[in-house]
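Participant: Can you read through this structure? Questions will come right after.
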Amino acid sequence: MSAEVEFAPADFSAIVPPPRPAGNIAAAALRFGSLIVFAAILIVFSLTAPYFLSVGNIGNVLGQSAISGVLAIGLTVVLIAGGSNVVTGGIDLSLAANMGLSAAVYATLTQLGFGDGAAISAAIGTGALIGTVNAIAVVYAGIVPLLATLAVMNVVAGLELVLTQNTVLPASTPFLSALSASGPLGLPVLAYALLGFTALATAIIQYTPLGLRLYAVGELPDAARAAGLPLRRLLAGAFIASGVSGGIAGILSVSYLSGSTTGSGEMLLPVVVTALLGSVFSRRLVPTISGTFLSALLVGFLTNGFQLLNISSTLVSGVQGLLILLVVSATTLLRRQEA
């Protein structure tokens with residue numbers, strides 16, 4: 001059964017307060033309202049932007065959303081295990097910088113003559129190491145996640161500048177060429193990479209006992225502790241998993257851009273928007289992998305539609321910031337009503 005439906009094992013059922021009808025109605029209104037807005041965006045852009053709903057453009061949106069989608073899924077795991085409070089709970093601001101450094105490591109190793117296997121291992125290892133540093137800072141040193149991951153973000157960004165000398169490092173290998181090519185149905189291979197990563201993360205987080213434990217740790221830490229769950233180890237694992245997602249996104253970034261990038265920090269806002277917005281696609285307004293995937297598509301189609309209509313990219317950033325404000329405000333008010 002999905003973790004979204006069955007929130008926690010039976011041990012926690014007596015602790016969860018019964019839902020309030022008013023809160024359920026408001027949550028349903030927010031969820032269905034979000035789906036209506038999603039559909040409205042598709043309809044408006046399909047009528048105003050040429051080829052918006054063509055198979056080729058949908059494939060482009062999926063491919064372009066692969067990097068931010070993988071990062072957002074990693075952030076979602078942290079949101080689930082750390083709780084809904086993004087200041088004292090689950091947040092990882094180092095993900096975009098993690099992707100940039102991992103991409104730089106991959107590109108550097110290919111330039112030094114190493115094969116794809118070594119470069120892939122090093123990129124994912126770099127991401128996992130950054131996630132481990134976050135875990136130590138948050139779980140064992142007790143630093144607030146917002147501050148801990150912000151500090152790590154700056155350190156990682158500095159290391160990327162040192163490694164690349166603030167230049168783009170080109171990279172070209174058979175594996176990268178395969179990732180950047182088109183696959184079945186004419187869709188980019190990156191689109192299939194996003195779909196595969198989403199399916200794997202959904203299976204683990206929403207349909208296994210591990211996923212149920214992560215939800216319990218994030219939403220009911222006292223009950224989880226009383227049930228004997230290893231809270232610190234589970235939360236640390238969530239940060240490490242998020243770091244691995246950053247390493248994987250770094251590999252996808254090298255494939256998409258044919259090298260490293262000096263502007264990885266610009267990915268942070270879209271990633272945070274995607275992860276936070278994903279909760280409105282859940283029946284209980286909690287972060288889910290499937291909700292984050294839908295959110296990635298929403299942000300991707302929104303950005304793509306603006307591009308097809310030649311609307312300034314600065315407006316896109318403004319809309320993304322507004323989405324964060326609306327989603328956080330709405331979910332916070334609903335949680336207060338249910339408290």
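The values are calculated or read from the model by the stated rules, or taken from the named source; none is laboratory data. A quick note: this is a predicted structure, and the numbers were derived from the prediction, not measured. In this analysis, Cβ positions are derived from the backbone assuming ideal geometry, glycine residues included, and neighbour counts consider all displayed protein chains. For the accessible areas, the whole protein counts, side chains as well, though only heavy atoms, and no ligand, DNA or RNA atoms are used. Shrake-Rupley method; radii C 1.70, N 1.55, O 1.52, S 1.80 Å.
Participant: If you take the residues in the stretch 177-192 that are small (Gly, Ala, Ser), open to solvent by 30 Å² or more (accessible area, probe 1.4 Å) and assigned to a helix (DSSP H, G or I), which one is modelled with the lowest pLDDT?
Facilitator: If we take residues in the stretch 177-192 being small (Gly, Ala, Ser), open to solvent by 30 Å² or more (accessible area, probe 1.4 Å) and assigned to a helix (DSSP H, G or I), then Gly186 is modelled with the lowest pLDDT.
Participant: Only one of Val271, Val286 is open to solvent by less than 10 Å² (accessible area, probe 1.4 Å), part of a loop (DSSP other than H, G, I, E, B), hydrophobic (A, V, I, L, M, F, W, C) and in contact (Cβ under 8 Å) with a residue 24 or more places away in the chain. Can you tell me which?
Facilitator: Val286
Participant: So is Thr292 out of contact with any His (no Cβ under 7 Å at 6 or more places or on another chain) and outside any helix (DSSP H, G or I) or not?
Facilitator: no
Participant: Another question, then. Checking Leu101 against (1) assigned to a helix (DSSP H, G or I); (2) within 21 Å of Val273 (Cβ to Cβ), which test does it fail?
Facilitator: So the condition that Leu101 fails would be (2).
Participant: Next question, about the same structure. Restricting attention to the stretch 203-214, does a residue exist that is polar (S, T, N, Q), surrounded by 15 or more Cβ atoms within 10 Å (Cβ to Cβ), closer than 27 Å to Thr261 by Cα and in contact (Cβ under 8 Å) with a residue 12 or more places away in the chain?
Facilitator: Among the residues of the stretch 203-214, not one is polar (S, T, N, Q), surrounded by 15 or more Cβ atoms within 10 Å (Cβ to Cβ), closer than 27 Å to Thr261 by Cα and in contact (Cβ under 8 Å) with a residue 12 or more places away in the chain, which makes the answer no.
Participant: Considering only residues that are surrounded by fewer than 18 Cβ atoms within 10 Å (Cβ to Cβ) and more than 19 Å from Ile136 (Cα to Cα), which ones fall in the stretch 222-236?
Facilitator: Those that are surrounded by fewer than 18 Cβ atoms within 10 Å (Cβ to Cβ) and more than 19 Å from Ile136 (Cα to Cα): Asp222, Arg225, Ala226, Ala227, Gly228.
Participant: Condition first: under 16 Å from Gly243 (Cβ atoms), open to solvent by 50 Å² or more (accessible area, probe 1.4 Å) and out of contact with any Pro (no Cβ under 8 Å at 6 or more places or on another chain). Can you find one or more residues in the stretch 158-175 that meet it?
Facilitator: The answer is yes; a qualifying residue exists.
Participant: I'd like to verify a number: residues in the stretch 63-77 that are over 22 Å from Pro145 (Cβ atoms), among the aliphatic types (A, V, I, L, M) and in contact with a Pro (Cβ under 9 Å, 6 or more places away or on another chain), how many?
Facilitator: Going through the stretch 63-77 one residue at a time, the tally reaches 1.
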